[in-house]
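To start, the structure under review is shown below, and the notes come after it.
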Amino acid sequence: MRRLLKRTSLESRVGRLTVTNLEVGYGSIPIVRGVSVEVEPTQITGIIGPNGAGKSTFLKGVMGILPPRAGTVEFDARPLQGLRPDQIVARGIGYVPQLKDVFDNLTVAENLDIGGFIARTGRNQRKEEIYSQFPVLADRRHQSAHTLSGGQRRLLALARALMSNPQVILLDEPSAGLSPQAMD
C-alpha cells in the first residue's frame, strides 16, 4: 500500500480537507449535526463510532452524494458544496463506499476504466500501475465483478478510487471483507 502513496507529478499537489459544522441527513431526518474535522496532507484520520452513528452519512455529505443542509466542506480552501460527486473526484478526492462498491455487471478492467474516467491522459498507464499493486485484480481483469469474492470486490473498489490519482481518499469501512494479508 505504501508504494501506491509515492509521489508522482499528479500527487505533488497539496491537499487539505476541512469540514465545518456539517449537517446532513435523509429526507427531513438529520443524521449528522455539527461535525467538524480538518485533515492535513499526509495525515490519516479515522472516524470511529457504533453502527448507525452516521459515519457513512458524513462521508456521503462530504462527497456530495447527500447534499449538506448546513456547514461547509472545503478542499484546498475551495468550497465543495453544490458540486456533483464526479466534480469532487475531479478536484482530487477519492471515495470507497461501504456498500455497492463496484459495478457488478462490468469486468474488473471496466470498473477501473470508470475510476479513471476523469483522467485525460495516462489512464492505461495508471491501470497497469494499479495491476502491479493488486496482482489478484490483474489476474482477473476480464472477469465480471459479480464473480469476485467479497475481499476481491473490496480491493477492486479501492483500486477504482485510486485510478483518479486522488490527493485524499475517503474509505468507508476499508477493511470490511478483507483477509489479514489484503489489509496489510
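For segment 105-119, does any single residue satisfy the condition of being on the phi > 0 side of the Ramachandran plot and loosely packed, with under 14 Cβ neighbours inside 10 Å?
Within segment 105-119, not a single residue is on the phi > 0 side of the Ramachandran plot and loosely packed, with under 14 Cβ neighbours inside 10 Å.
Yes/no matrix, rows are residues, columns are (1) over 21 Å from Gly61 (Cα atoms); (2) in contact with a Cys (Cβ under 7 Å, 6 or more places away or on another chain); (3) in a helix (DSSP H, G or I):
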| position | (1), (2), (3) |
| --- | --- |
| Gln125 | yes, no, yes |
| Leu137 | yes, no, yes |
| His142 | yes, no, no |
| His146 | yes, no, yes |
| Leu155 | yes, no, yes |
| Ala159 | yes, no, yes |
| Ser164 | no, no, no |
| Ser175 | yes, no, no |
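Restricting to segment 105-123, and then to whatever is assigned to a loop (DSSP other than H, G, I, E, B) and of a type in the set (A, V, I, L, M, F, W, C), can you tell me which residue is farthest from Ile169 (Cα to Cα)?
Leu106
Exactly one of these conditions fails for Gln143: (1) open to solvent by 50 Å² or more (accessible area, probe 1.4 Å); (2) out of contact with any strand residue (DSSP E or B) (no Cβ under 7 Å at 6 or more places or on another chain); (3) over 30 Å from Pro50 (Cα atoms). Give me its number.
(2)
Within segment 80-104, can you find the residues that are of a type in the set (Phe, Trp, Tyr) and either open to solvent by less than 20 Å² (accessible area, probe 1.4 Å) or more than 18 Å from Asp172 (Cα to Cα) (or both)?
None; the set is empty.
Looking at (1) open to solvent by 50 Å² or more (accessible area, probe 1.4 Å); (2) assigned to a loop (DSSP other than H, G, I, E, B); (3) closer than 17 Å to Val168 by Cα, find the lone condition where Gly64 falls short.
Every listed condition holds for Gly64 apart from (1).
For segment 67-79, give me the residue count where each residue is surrounded by fewer than 21 Cβ atoms within 10 Å (Cβ to Cβ) and either in contact with a His (Cβ under 7 Å, 6 or more places away or on another chain) or under 13 Å from Leu17 (Cα atoms) (or both).
Going through segment 67-79 one residue at a time, the tally reaches 6.
The values are calculated or read from the model by the stated rules, or taken from the named source; none is laboratory data. The structure displayed is predicted, hence computed values, not measured ones. Cβ atoms come from the backbone with ideal geometry, glycine included; neighbour counts cover every protein chain shown. Surface accessibility is based on the protein's heavy atoms, side chains included, excluding ligands, DNA and RNA. Shrake-Rupley method; radii C 1.70, N 1.55, O 1.52, S 1.80 Å.
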